[in-house]
Amino acid sequence: MLEQRGRESVSSITQGVKQLPQLLTLLQKQTPPPEQPALGFFTDTSLCIGCKACEIACKQWNQLPATEPDWSGTSYDNTQKLGATTWRHVQFIEQIGRRVPAGPELPMLQQHSVPLPELPVYQPMDRADAIPETPPGTALPFFNSDRWLMHSDVCKHCANAPCQEACPTGAIIHTEYDTVYVQQDICNGCGYCVVACPFGVIARDTQGDGQAHKCTLCYDRLKDGMKPACAKACPTDSIQFGEVKTLKAQAQERLGHLQQRGVSEAQLYGADDKILEGGLHSFFLLLDQPEVYNLPANPARPSNHVLPTSLGTIIAALLMGLMSIFFFKQE
Ligand code: SF4
Ligand code: SF4
Ligand code: SF4
C-alpha cells in the first residue's frame, strides 16, 4: 500500500515537472500589440434626432440587458443615464420659452416691456444655404423658442483618464487605439474609478458581477476592422467614428458652417487639449453651454488634488508638532 502511494506521488511530481515550461509561458509577459492611430468619436448633437438606435445597437452588440423604463416626469427620456449596462445614453433636454419668436409678436412684446432673451433673434439670411426659420414647437433645434436638445452621451475615452489614474489594480488600460478599456478579469469591483470619473460614465454592476463596466469603443469590432455598433446604427451620422486627428478637423469645419449660418451658441466640447490636460477622444459638438448637457466645464483629475492635499497634511502635522512641544514644555 505504502509502496503504491509512493509510486503515485512520484508520478504526479514528474507530471508537474513536465508541465513546468508550459506554466512558465503563462507567466511570461506578452508583447503588446503594435500601436495604431488614436481612434474615437465625434458626436454632433446638431444632427441627432433622438431615435436611440445607438443605445439599442450598443446593448445588442455587447449583450447588455435592457434597462427598465423609468418615467421621471421631467422628460420623455426613459433610460435616464449611463450605467453599468447602458454604455450609450441619449439625453432629451427640453428647453421651453428660451426666446421669443421673430414674428409679428416681437413689437408687441417690446411695447409691453417684456424682457428680451439673451439669445439674438434669428434674422433670415438671403442665401441659398441659410437654415429657414421654423415655427416654435417643431423639433428642429436651432432657432426655436421651444426645443429639444438631443445628446448621445458615452465614455469620453479621455487621453488622461481619471478612472485609470484611480484604479488600484491596473485593470483600466489604454489600448493600442488609445481608447480606454476595462480588463474584466482584473477588476476587483472596488469602485474607485466610479468616483474618479468626472462625467458619471463608469459604474459597478450591482445587479450582476459587481465589477465596473463602460463603453469599450467596441474593441472587439475594431480588432476586426469594423465600426463601433453605435456609429454603424446612427441614421443621421450624428456619431462619426474614425481617427481622432481627422475627426477634430471635421468638427472644426462643421462648427464653422453652423456659426456662419447663425447658430452662434454652437461649440465643441473636448476637441482641444484643455479638458483634463489632454482632451477627449470622444468629443462633442453642442448647441448650448456644456452644463446644459450635464457636462462639467472644468473637470478635474484625482492627481490635481494630490499637491494641495499633501501640503495641507504637512502643514497640519507641523502645527500639531509645534503645539505638542509647547504643551510639553509648559508641563
Ligand atoms: S469618461 Fe470616465 S470612464 Fe470614460 S475614460 Fe474618461 S474617466 Fe474613464
Ligand atoms: S462603441 Fe460599442 S460599446 Fe461603446 S457605446 Fe458604441 S456600441 Fe457601445
Ligand atoms: S446619435 Fe444617431 S442613433 Fe443615436 S439617437 Fe441620435 S440620431 Fe439616433
Exercise for the section: Mind listing just one residue for me: the one in segment 60-114 that is in contact with a Gly (Cβ under 8 Å, 6 or more places away or on another chain) and β-branched (Val, Ile, Thr) and, of those, modelled with the lowest pLDDT? Expected result: THR67
Problem - Meets criteria (part of a strand (DSSP E or B), touching a helix residue (DSSP H, G or I) at 6+ places or on another chain (Cβ under 7 Å), within 14 Å of ligand 1 (Cβ to nearest atom) and farther than 23 Å from GLN91 by Cα) for TYR177 - result: no
Handout entry: Residue list for segment 26-49, restricted to those being surrounded by fewer than 17 Cβ atoms within 10 Å (Cβ to Cβ) and either within 14 Å of ligand 2 (Cβ to nearest atom) or touching a residue at least 60 places away in the same chain (Cβ under 8 Å) (or both)
Key = PRO32, PRO33, PRO34, GLU35, GLN36, PRO37, ILE49
Handout entry: Whichever residue in segment 144-166 is over 18 Å from THR216 (Cβ atoms) and part of a loop (DSSP other than H, G, I, E, B) and, among such residues, is farthest from ligand 3 (Cβ to nearest atom)
Key = ASN160
Problem - Index of the failed condition, LEU276 passing every other in (1) surrounded by 17 or more Cβ atoms within 10 Å (Cβ to Cβ); (2) more than 16 Å from ligand 1 (Cβ to nearest atom); (3) assigned to a helix (DSSP H, G or I) - result: (2)
Practice task
State which residue pairs qualify: first residue assigned by TED's automatic domain parsing to the domain that holds HIS174 and among the charged types (D, E, K, R) and inside segment 256-281, second residue in a loop (DSSP other than H, G, I, E, B) and modelled with pLDDT of 90 or more in any location, beta carbons under 8 Å apart, and separation of 6 or more residues or different chains.
Solution key: GLU265/LEU287; GLU265/ASP288; GLU265/GLN289; ASP272/GLY279; ASP273/ALA159; ASP273/GLY279; GLU277/ASN160
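State whether one or more residues within segment 297-315 are closer than 27 Å to CYS48 by Cα, exposed (fewer than 14 other Cβ atoms within 10 Å of the Cβ) and not hydroxyl-bearing (Ser, Thr, Tyr).
yes
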Handout entry: Hits in segment 221-261 - residues which are in a helix (DSSP H, G or I) and within 21 Å of ALA161 (Cα to Cα)
Key = LEU222, VAL244, LYS245, LEU247, LYS248
Exercise for the section: Answer yes or no: is there a residue in segment 252-261 that is touching a strand residue (DSSP E or B) at 6+ places or on another chain (Cβ under 7 Å) and either of a type outside the set (Val, Ile, Thr) or within 15 Å of ligand 2 (Cβ to nearest atom) (or both). Expected result: yes
Practice task
List every residue pair whose Cβ atoms sit under 8 Å apart, with the two residues 6 or more apart in sequence or on different chains, where the first one lies in segment 55-68 and is closer than 15 Å to GLN80 by Cβ and the second, anywhere, is surrounded by fewer than 16 Cβ atoms within 10 Å (Cβ to Cβ).
Solution key: LYS59/PRO65; LYS59/ALA66
Exercise for the section: Please go through segment 194-220 and pick out each residue that is part of a loop (DSSP other than H, G, I, E, B), within 25 Å of PRO296 (Cα to Cα) and either near ligand 2 (Cβ under 10 Å from one of its atoms) or of a type outside the set (Asp, Glu) (or both). Expected result: CYS197, PRO198, PHE199, GLY200, VAL201, ILE202, LYS214, CYS215, THR216, LEU217
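The values are calculated or read from the model by the stated rules, or taken from the named source; none is laboratory data. Nothing here was measured: the structure is a model prediction, and the numbers come from that model. Quick reminder, even Gly has a Cβ in these numbers, built from the backbone with ideal geometry, and neighbours come from all protein chains shown.
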